[in-house]
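Throughout, read-outs are computed from the coordinates displayed, never taken from laboratory work. Bear in mind that the values here come from a model prediction, so they are computed numbers and not experimental data. A quick note on method: Cβ atoms are made from the backbone with ideal geometry, for glycine too, and the neighbour counts reach across all protein chains shown.
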Amino acid sequence: MKPDELGAYLLTIRNVIANDLRPGLKSVHLNAIAGSVVILLDRLVTTLKTGDGAAAARLGDWKEIAAELERLGLGRGDGAPVSGAAAAPYEALESRYAAVQKDIGRGAAFDRLTVKLASHDPATMQWYSNSVAALVDFAEAGEPQVPAPRAPAGSAEPADESDVLRAKLSAYLARRFPGLPKDPIARFAIAPGGHVKQTVIFSLLPNEILPTRLVLRRDLSNSITGTTVIDEFPIIERAFALELPVPKPIFLEKDREPLDGAFMVMTEVTDAVGAGTYFPEERRLAPRTVGPEYGRDVAGVLARLHAGTARKGVKGIDFTEQVKKHYASWCALPSPPFSLSMELSYAWLLSHPLPPDRPQCFVHGDIGSHNIMVRDGRLVALLDWELAADGDPAVDLAQCRMMLLPDTMPWPEFKQEYIAAGGDPVACDESAVAYYCVWTYLKHGLMNATLRNLYLQGGRDDLVAAVVGGHYFHRLMQYQGRALQIAVDSVRGAS
């Protein structure tokens, strides 16, 4: 079957799932699964439809990048493309990427690149900059072309699977709080998603013991972060004590038995909606919920968090050894297609270490619109503190710069608002923010590449692993390229 024919069939399947099957699903979990299938099909259809044309337009640039690598004496000379002359353009470009990656990505060649980057050798910096620009260019060309969604036919019915969990929670509340009304739950809904933690929004009948509008967060057995609500609950208590916009923590249950997982309960953020999805590309497909003051609100909350928990005279973590360990883990994996940005990122971090006297404070660790609630366009709650820890405030600023600001406000303006609200100007150092921009996607890139390899080797056959390997790893490489552009620009601006 020809690629364009296969693409046509896949597009039809995609539209049936997105427009006909998904809106009628009663279960929020099945609805989320259908959404993941659509995301994967969007990536596959776009690659089949436009991949060869985009690759053909860029083959010449990558031949020159490979030739320049040899002229610089950085190539090992054994990375010649493996595809034949008759290969399709997409296959030929993939082979060219792989050849450059093989030349530069391991051993002495990688070490020489790191040394030359550390010394800011002009010719090497120019090659590096050209390579990063080419990586980003092709990644942007492969952005999934998503058909406009149909208007929703109506809200989905409550999830079938909620009945069992509701009964268990009702029995638990009756045991722990005997003064509550009999069968105290008036409203119960499982929120969509739930790959790491399950979120339930529920209401209680009027009582004098607990607030009536609550949210439950429960650990799931297949969490890929390794975090638990047992660790997250005291963090939320700390944030609440600092008068940051977080739900009020009510209680924590460490025993897994009652609900098949430890859980915590907080107050519901009422009359509010989510600020958006994780990636800006996906936010474009949904109604905008944030207003013109949203970026300033985020800057102010981060400034209060960082200033209120600043730790003076404390040295930060030396990331060099951590980066080396990550790099060794990466080298042990088969290199996914179009993943040269991983090697370039490791080389950059090893050649541009941060000083040990960076500011230290408590950082959220997963700041983005996907973890923010808004009311009338203004920030009212910062959620999901499971990755919070002591660290460099530039970690949060980098995540904002990459994931929250592209469709919100310019980075220089956000930086000004952060400092005006009491944030440390040193936290905004361009080289430090760039460092953590790159580091963020190295961490996620390694995790996703590991899962992708497990899927392709038959160790996993579930949809999460398929979507990670077939779509999200490519998305991360796209953002990794953007992060490297920020890093290169930070050095040029300092010179």
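How much net charge surrounds ILE486 when only the other residues with a Cβ under 12 Å from the Cβ of ILE486 are counted, with Lys and Arg +1 and Asp and Glu -1? List each step's numbers first, then the result.
Numbers: positive: ARG401, ARG482, ARG492; negative: GLU430, ASP489.
The answer is +1.
State, as an integer percentage, the relative contact order of region 276-494 based on alpha-carbon contacts under 8 Å between residues 6 or more apart. Display every interim value, and only then the final one.
Values: 290 pairs, mean separation 58.3, N = 219.
Once divided by the residue count of region 276-494, the mean separation gives 27 percent.
Fully extended, how many nm does the chain gain between LYS2 and LYS26 (0.36 nm per residue separation, minus their Cα-Cα distance)? Could you put the intermediate results ahead of the total?
Details: separation 24, 0.36 × 24 = 8.64 nm, distance 3.67 nm.
Stretched out fully, the LYS2 to LYS26 stretch lengthens by 5.0 nm.
Suppose the chain between ALA88 and GLN145 were pulled fully straight at 0.36 nm per residue; how much longer would it get relative to their current alpha carbon spacing?
Numbers: separation 57, 0.36 × 57 = 20.52 nm, distance 2.12 nm.
The ALA88-GLN145 span can extend by a further 18.4 nm.
What's the exposure ranking of SER490, SER119, SER341, going from fewest to most Cβ atoms within 10 Å? Don't jump to the answer; show the numbers that get you there.
On the way: SER490 19, SER119 11, SER341 29.
If I rank by nearby Cβ atoms, fewest first, I get SER119, SER490, SER341.
Which order do the peptides 91-102, 51-62, 306-317 come out in when sorted by mean C-beta neighbours inside 10 angstrom, highest first?
Details: 91-102: 21.3, 51-62: 16.8, 306-317: 14.2.
Answer by packing, highest mean first, reads 91-102, 51-62, 306-317.
Going by how many other Cβ atoms sit within 10 Å of their own, how do TRP411, TRP127 line up, fewest first? Display every interim value, and only then the final one.
Details: TRP411 18, TRP127 21.
Ranking TRP411, TRP127 by Cβ neighbours within 10 Å, fewest first, gives TRP411, TRP127.
Give the angle, between 0 and 90 degrees and rounded to the nearest 10, that separates the Cα long axis of helix 430-456 from the longest principal axis of the Cα atoms of the chain.
Helix 430-456 sits at roughly 90 degrees to that axis.
In what sequence do GLU430, GLU5, GLU268 fall when counting other Cβ within 10 Å, fewest first? Kindly include the intermediate steps, with their values, before the conclusion.
Working: GLU430 17, GLU5 10, GLU268 20.
The order, fewest Cβ neighbours first, is GLU5, GLU430, GLU268.
Dividing the Cα radius of gyration by the Kirkwood radius, what Rg/Rh value follows for region 162-268?
Working: Rg = 13.5 Å, Rh = 14.3 Å.
Checking Rg against Rh, the ratio lands at 0.95.
What's the Cα-based Rg to Rh of region 276-494, Rh via Kirkwood?
Working: Rg = 17.6 Å, Rh = 18.2 Å.
Ratio value, two decimals: 0.97.
Once Lys and Arg get +1 and Asp and Glu get -1 on their Cβ, which of ALA189, ALA388, PRO258 lies farthest toward the positive end of the dipole of the chain?
PRO258
Near LYS26, which lysines are there with a Cα under 30 Å away, not counting those fewer than 8 places off in the same chain?
Output for LYS26: LYS168, LYS182, LYS197.
Counting only C-alpha contacts under 8 Å and six or more residues apart, can you give the relative contact order of region 172-313 as a whole percent?
16 percent
State, to one decimal in nm², a quarter of the convex hull surface area for the C-alpha atoms of the chain, i.e. the direction-averaged projected area. Walk me through the intermediate numbers first.
Working: hull surface 99.4 nm².
Here the figure is 24.9 nm², rounded to one decimal.
Given charges of +1 on the Cβ of Lys and Arg and -1 on the Cβ of Asp and Glu, with all other atoms neutral, how large is the dipole of the chain about its Cα centre, in debye to the nearest 20? Intermediate results must be reported in sequence, preceding the final value.
Numbers: 51 positive and 59 negative charges, 76 e Å.
Here the size comes out at about 360 debye.
In the neighborhood of ASN371, defined by Cβ-to-Cβ distances under 14 Å, what is the net charge if each Lys or Arg adds +1 and each Asp or Glu adds -1?
Working: positive: LYS197, ARG217, ARG283; negative: GLU232, ASP297, ASP366, ASP384, GLU386, ASP396.
Net of charged neighbours comes to -3.
For region 343-409, what percent of Cα pairs sit more than 20 Å apart? Intermediate values should be presented prior to the final figure.
Working: 942 of 2211 pairs.
Looking at region 343-409, the distances longer than 20 Å represent 43 percent of pairs.
Run down the lysines and flag those whose C-alpha is under 25 Å from the C-alpha of LYS63, throwing out any fewer than 8 positions away in its chain.
Cross-link targets: LYS49, LYS102, LYS116.
Could you work out [θ]222 nm for the chain from helices alone, using -39500 (n - 2.57) per DSSP H run of at least four and dividing by all its residues? Round to the nearest 500 deg cm²/dmol. It would help to have the intermediate numbers written out before the result.
Details: 17 runs with 245 residues, N = 495.
My calculation for the chain gives -16000 deg cm²/dmol from helical runs alone.
Treating the beta-carbon of each Lys and Arg as +1 and of each Asp and Glu as -1, no other charges, what is the dipole magnitude of region 369-485 about its Cα centre, to the nearest 20 debye? Please list the in-between numbers first.
Values: 9 positive and 14 negative charges, 92 e Å.
Value, rounded to 20: 440 debye.
Taking every pair of distinct Cα atoms and averaging 1/r, then inverting, what Kirkwood hydrodynamic radius in Å comes out for region 247-316? Write down the numbers at each step before the final one.
Working: mean 1/r = 0.0614 Å⁻¹.
This gives a value of 16.3 Å.
May I ask for log10 I(q)/I(0) of region 98-138 at q = 0.15 Å⁻¹, from a Debye sum over the Cα atoms as equal point scatterers with solvent left out?
The computed values of log10 I(q)/I(0) come out as -0.37.
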